[in-house]
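The values are calculated or read from the model by the stated rules, or taken from the named source; none is laboratory data. Note that the structure is predicted; figures quoted are calculated from it, not measured. Every residue, glycine as well, gets a Cβ built from its backbone with ideal geometry; the counts of neighbours run over all protein chains shown.
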Amino acid sequence: MTEPRTDTVADPRFRHLPDSLWKSLLLRAIPVLIGAMVITFSPDHSPRFGFTVFGAVLLWTGVIVGFESVGIPNHPVRPLVFARSILTAVTGGFSLFMATGGHDWATAQAFILTVSIWAIITGLIELAGVPICRRKRFYASEILLSGALTLLLGVIVAFVPPDLDAEYGGLEQIEGSLTASVQAVGFVGAYFAVLGVLLVIEAISLRNALSRRDRELAQEENRK
């Protein structure tokens, strides 16, 4: 009597995925988690600092996503993934340029515009690929989570007033003030932290699913 096929083998989302995909997700998690820690433990939340961390993370991420776009056979949304990688890498390079000395273009307003424009466009590109992936029965969990979170970042940062400068004060008379750059860089740090954790969880879950798939496919071959 033939044993029933398990869910992992029967699920076409996993059948043709390369084993390296979970490693790519993990590689994408590394820079965003590093960026989150740098922002969290740094007292400097100036626009120039924000451009530096944001640009470095995006440049690394853009390169990795670019390899994803060409490394997965028959990817149903390859043009969208490739466009996302180019946009991310270019934005990362632009941000690093803005962070360099010799000019005074690294303002809070410039940082807010850069982050919000990149995040909104990138989030929409990712979310546009979700229904295509589902229609083609392709693994789309990471794309949905990343797209929704990135779009949310863009919307939130877009509403940060560029001229924000509110003194802390209060009953405890805390020194300093909440500026636009402090708030925008803080939002980026929070985004990096959440995205990094989600990517690690997705990578581990996908690795386990692909391992089960390989074992079950081997069992199928042995039964033939």
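Data overview
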read-out	value
Thr114 being more than 14 Å from the chain's Cα centre (by Cα), surrounded by 14 or more Cβ atoms within 10 Å (Cβ to Cβ), farther than 30 Å from Leu210 by Cα and at pLDDT 95 or above	yes
First in segment 154-182 and at pLDDT below 65, second anywhere and surrounded by 12 or more Cβ atoms within 10 Å (Cβ to Cβ) and not hydrophobic (A, V, I, L, M, F, W, C), Cβ under 8 Å, 6 or more apart	Tyr168/Ser177
Checking Ile86 against (1) among the β-branched types (Val, Ile, Thr); (2) more than 18 Å from His75 (Cβ to Cβ); (3) within 15 Å of the chain's Cα centre (by Cα); (4) surrounded by fewer than 21 Cβ atoms within 10 Å (Cβ to Cβ), the condition it does not meet	(2)
Residue identified as under 25 Å from Ala184 (Cβ atoms), outside any helix (DSSP H, G or I) and modelled with pLDDT under 95 among Pro43, Pro4, Pro18, Pro73	Pro43
Candidate set from segment 96-134 (those that are of a type in the set (A, V, I, L, M, F, W, C) and out of contact with any helix residue (DSSP H, G or I) (no Cβ under 7 Å at 6 or more places or on another chain)); member that is farthest from Ala56 (Cα to Cα)	Ile132
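Residues checked against (1) in contact with a Leu (Cβ under 8 Å, 6 or more places away or on another chain); (2) farther than 20 Å from Val130 by Cα; (3) surrounded by fewer than 16 Cβ atoms within 10 Å (Cβ to Cβ):
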position: Gly35; (1), (2), (3): no, yes, no
position: Val38; (1), (2), (3): no, yes, no
position: Ser46; (1), (2), (3): no, yes, no
position: Phe54; (1), (2), (3): no, yes, no
position: Trp60; (1), (2), (3): no, yes, no
position: Ile64; (1), (2), (3): yes, no, no
position: Phe67; (1), (2), (3): no, no, yes
position: His75; (1), (2), (3): no, no, no
